[in-house]
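The values are calculated or read from the model by the stated rules, or taken from the named source; none is laboratory data. Source: prediction; values computed, not measured. When we count neighbours, we look across all protein chains shown, and the Cβ atoms used for this are built from the backbone with ideal geometry, even at glycine. Ligands, DNA and RNA are excluded from the accessible area calculation, which covers all protein heavy atoms including side chains. Shrake-Rupley method; radii C 1.70, N 1.55, O 1.52, S 1.80 Å.
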Amino acid sequence: MPVREFTLMGVVNVTPDSFSDGGRWIDPAAAIAHGRQLLAEGAGILDVGGESTRPGALPVAADAEIARVVPVVSGLAGLDVQVSVDTSKASVAAAALAAGASYVNDVTAFRGDPELAGLVADRGCDCCLMHMQGEPRTMQHAPRYGDVVDDVKAFLEGRVAAAVAAGVREDRIQLDPGIGFGKTVDHNLALLARLDELVALGFPVVVGTSRKSFLGALTGRTEPAERVAATVAANVLAFTRGGRTFRVHDVAAARDALIVAAATLRAHGA
Ligand code: HH2
């Protein structure tokens, strides 16, 4: 077994409208089977989400989100994998944590719900704080930055400070540049190319490029499912820049590529 120098976070979307797999796993039994498949392919974390955050997505009520994610979290808890809940709502996170999740992945970095940071602090679970400019409904209209990497870095430093002030332990925090969340193609590429500047903050960095539209813009692949090779390339590049966790729909492809990348870096003494 190679030393595990990266973690794959497999995406389990229990939504009717996610951008690449909406509706496929809306039935809890199908979502659980999909999660088990991603675990078999090499996922170390399964990220269960009940609300799409794709550009233009509309918010989902908390009770509907809970009804989507809790049966799936329960069905995956107890397997040899960490279960994450992809939510911005404290009530959804609380229900998922009670059902066996131990990781809260919040694309608003605790700005969406004032209760969420305190809940994460209280439960002592892991969390991911992601950068997003604007909100999903409008975020791709006209993203603007001074220097995108400097701006994202400053934002994440501020959110770490807020989380720590709420009682979250630093060793529970992971950071994410939020690829595709209020960013042009060039913004996304700059964040990947200069990911080491975010890694320098000293927290594990999560990267979510999987099947995203900037890859379609670069390759001409209009169907998200056709962007697997492009996703692999982006993730290998991000790995060489110090990225630690890769949030992907296609776990097997990412695993093989990152094993080779890790072995090559080791052979080089890196
Ligand atoms: N991307 C998506 C959702 N959650 N979380 C983190 N930490 N990083 C990401 O890049 C990220 C995320 C969007 O992808 P997906 O879940 O496939 O689509 P949708 O939001 O439409 O459900």
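Annotations for the structure displayed:
- For segment 36-42, 3J(HN,Hα) computed residue by residue from phi via the Karplus equation (6.51, -1.76, 1.60; θ = phi - 60°) reads 4, 5, 5, 4, 4, 7, x Hz, glycine and proline entered as x.
- Under the convention that each Lys and Arg Cβ holds +1 and each Asp and Glu Cβ holds -1, the size of the dipole of the chain around its Cα centre is about 360 debye.
- Over segment 66-203, all Cα pairs binned in 10 Å intervals from 0 give whole-percent P(r) values of 12, 40, 32, 15, 1, listed from short to long.
- Centre separation in Å (Cα based) which lies between segment 1-67 and segment 216-270: 19
- Mean separation of Cα contacts under 8 Å (6+ apart) over length of the chain, as relative contact order %: 18
- I259/D63 FRET efficiency (R0 51 Å; Cβ-Cβ; nearest 0.05): 0.75
- Solvent accessible area, Å² - E223, 1.4 Å probe, full protein context: 100
- Unit charges on C-beta of K, R, D, E only; dipole of segment 194-233, Debye: 120
- Using only Cα coordinates, the Kirkwood hydrodynamic radius of segment 206-270 works out to 12.0 Å.
- Rounded D (µm²/s) - segment 7-267, Kirkwood Rh over Cα pairs, Stokes-Einstein at 20 °C, 1.002 mPa s: 118
- Accessible surface for I26 stands near 70 Å², nearest 10, in the context of the full protein assembly shown (1.4 Å probe).
- Protein heavy-atom surface of the chain, 1.4 angstrom probe: 53% of the accessible area is carbon and sulfur, with nucleic acids and ligands not counted.
- Estimated inter-spin distance, A267 and D17, nm [label 7 Å along Cα→Cβ]: 4.8
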